Amino acid sequence: MNHEHLYCLRADHVPRPLFHEYSGFIHSLAAATRSSNAGHTVKYALVDSDPQLSAKPSNKRARLCYTWDKQMVEAADLVVAEGSFPSLGLGIELQMAAAKDTPIILCFRDFKGENRAPPIDYENPDHTKYHLQIGEGYISLMALGIPSVSRVLKYSDPEDGIKQVVGAIDLLNRG
């Protein structure tokens, strides 16, 4: 299947000291994806909804954000989700893609522990004790278990992330 309409998801909860590096990666990933899949549509919130939202009245932004981002996910025939800093919005968008059985490439990076949830032991009211680890501490088991997640890619730096994602898209396009 040749994926003509790609949607790149990003998370909202990026620590502010990392935001410029992170958003730069999203822009570079979109550009690389667009050029490697010449003529294909690549949409993502940093360009295709966030700037437009800032011009709308604050009491309408939440509904418009949901509507516009939902439309982009529903129009996509492939979703690239950057999950280094997961958020509720990312989870909702992943579920929208899953509901349409849209293939998802889920990628993430270890930001030197800034985005890793360490394991924790806890006790329930019945005094049973458990050890909790969310995936490997980066992406929840719930998200990793979405049936339409076709690839999970851990990358080391922006260049590696772009290379891995573009490669995964090429593999999916070849069937």
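A few notes on this one:
- Checking the Cα-Cα distances for Lys70/Lys112; Lys112/Lys163; Lys43/Lys70; Lys70/Lys100; Lys100/Lys154; Lys112/Lys154 against a 22 Å cut-off, the pairs over it are Lys70/Lys112; Lys100/Lys154.
- Among His27, His40, the ranking by other beta carbons within 10 Å of each residue's beta carbon, starting with the fewest, stands as His27, His40.
- Working from Cα pairs under 8 Å separated by at least six residues, relative contact order for the chain is 26 percent.
- Intensity falloff of the range 28-175 expressed as log10 I(q)/I(0), Debye formula with alpha-carbon point scatterers, at q = 0.10, 0.16, 0.17 Å⁻¹: -0.42, -0.96, -1.05
- Mean ellipticity per residue at 222 nm, deg cm²/dmol - from DSSP H runs of n ≥ 4 across the chain, formula -39500 (n - 2.57): -13500 deg cm²/dmol
- Mean-position separation - Cα centroids, the range 127-158 and the range 11-52, in angstrom: 22
- A cut-off under 15 angstrom between Cβ atoms defines the neighbours of Ser148, and their net charge, with Lys, Arg +1 and Asp, Glu -1, is -2.
- Ordering 123-129, 147-153 by mean Cβ neighbour count within 10 Å, with the highest value first, yields 147-153, 123-129.
- Burial ordering of Ile146, Ile105, fewest other beta-carbon atoms within 10 Å first: Ile146, Ile105
Each reported figure results from applying straightforward, stated rules to the coordinates on display, with no laboratory input. Remember, predicted model here, so these are calculated numbers, not experimental data. Cβ sites come from the backbone with ideal geometry, for glycine too, and all protein chains shown count toward neighbours.
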